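Inspection log for the structure reproduced underneath, given as structure tokens.
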Amino acid sequence: MKKTAAAILLALCLSGCTGELPRAREIEGMDLVRTVGVDQGAPVRVTVSTGRERQSGGTDGPALVLTQDAESISGACLAIQGQSGANLFYGHVEQLLLGEAQARQGVYAALEYVLDDIEMRLDTDFYLVAGGTAEAAISAGAEEEPAARLEAMAADGGLRSWCAPRTVGAVLEELLESGCSYAPAVVKTGDGQLEGWGYGLLRDGRLVGWADSEAARGIHLLNGAVEADLVTVETEALGTVTVRLVGGTTRIRASFDGDTFTGLSIDCRVEANLAEGGARLDQESPADTAEAAAAVEAVVRARLGAALSLCRTYEGDFFQLARRAGMAAPWRWESLEAQWDPSALVWTTSVTVEILRGYDAS
């Protein structure tokens with residue numbers, strides 16, 4: 001929890017406040033909220049969903065979904081209390097969803113509500129709903145419990161090289177530091193399920209664009225966060241080969257001509273396991289094996305380029321590139337900061353891929 005009882009008590013003592021702390025409540029008299037959604041309303045609409053195992057209900061059943069319009073998020077949450085037969089507890093909220101329209105208007109209010117609220121936590125997973133509302137996304141999955149679906153997606157984050165969870169704390173920290181960040185996006189499928197769909201790009205606290213498909217995979221490569229990304233390539237010597245990207249590191253450095261910043265140097269090194277199509281790999285020459293690695297390197301380079309191009313297109317440092325380059329050469333930071341312009345970003349990319357069979361990997 002980001003706030004401890006001792007810290008809260010200390011804050012009250014230092015401020016000279018004589019108000020009482022919230023009264024303790026028995027767990028049997030509460031419904032545990034697991035998912036909170038925020039949309040445009042009058043002016044804001046909040047939707048909350050409990051788990052299927054409701055403490056006050058005593059038996060399993062559909063998740064309780066409640067929606068309220070109000071002037072503020074806190075006002076909506078307070079009004080929602082009157083709709084439930086039990087007290088709603090927000091200390092176990094696991095996901096915060098923002099509808100696309102609300103995200104384009106602004107995300108700060110929702111993120112800072114989590115920061116300020118005494119019950120909610122900064123390690124809550126944060127999602128944007130692409131092309132829809134948080135209310136619809138939460139309500140559509142009520143029978144299956146949307147929190148459980150999002151939990152499953154988060155647990156499979158290593159297998160989802162195009163969409164992995166990010167916390168409220170991580171996104172808010174980047175927004176406050178650089179004005180830019182990114183957050184995973186979900187869409188509601190035709191059967192009402194929630195599915196991961198790339199990332200939303202945030203600049204100055206607002207959603208400005210999306211990173212889907214190859215660009216989203218490029219974000220993972222930039223962060224060295226690849227665990228099970230499949231790449232299929234065609235080679236002249238070996239035919240169709242599929243490899244699984246299982247690890248990687250990417251170093252980002254700033255290049256200078258004298259004191260003039262000329263661009264970024266991206267060095268990406270990836271380990272891959274052979275997944276399919278390599279029956280003749282051991283019998284072929286090193287040149288043939290190198291051909292397969294080169295084909296995968298071209299795919300990796302294109303994915304990195306797709307992600308980096310988003311910084312130019314939407315004029316934002318969504319992936320904290322300046323900070324990472326500055327950390328690599330802190331003595332250049334002042335010059336880099338003064339000349340940094342993501343809309344004119346130039347980069348050179350070096351990619352190395354090592355392909356191993358499963359039994360060769362250590």
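So here's what we get for this one:
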| item | result |
| --- | --- |
| Rounded to whole Hz, the Karplus (6.51, -1.76, 1.60) HN-Hα couplings of region 198-206, x for glycine and proline | x, 9, x, 9, 10, 9, 6, x, 10 |
| Two-site label geometry, Asp204 and Leu230: point separation in nm, points 7 Å out along Cα→Cβ | 4.3 nm |
| Spin-label proximity, Ser343 to region 310-336 - amide N less than 19 Å from point 7 Å beyond Cα toward beta carbon | 310-322 |
| 5 angstrom amide H check on Trp162, placed H, neighbours 5+ away | none |
| Base-10 log of normalised Debye intensity for region 94-140 (one unit scatterer per alpha-carbon) at q = 0.20, 0.27 Å⁻¹ | -0.65, -1.02 |
| Debye intensity ratio I(q)/I(0), log10, region 195-276, q values 0.21 Å⁻¹ (C-alpha model) | -1.05 |
| Simple spin-label estimate for Phe256 and Ala79 in nanometres, 7 Å along Cα-Cβ | 5.6 nm |
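Readers should treat all values here as calculations from the given coordinates under stated rules, not as data from a laboratory. The structure displayed is predicted, hence computed values, not measured ones. Every residue, glycine as well, gets a Cβ built from its backbone with ideal geometry; the counts of neighbours run over all protein chains shown.
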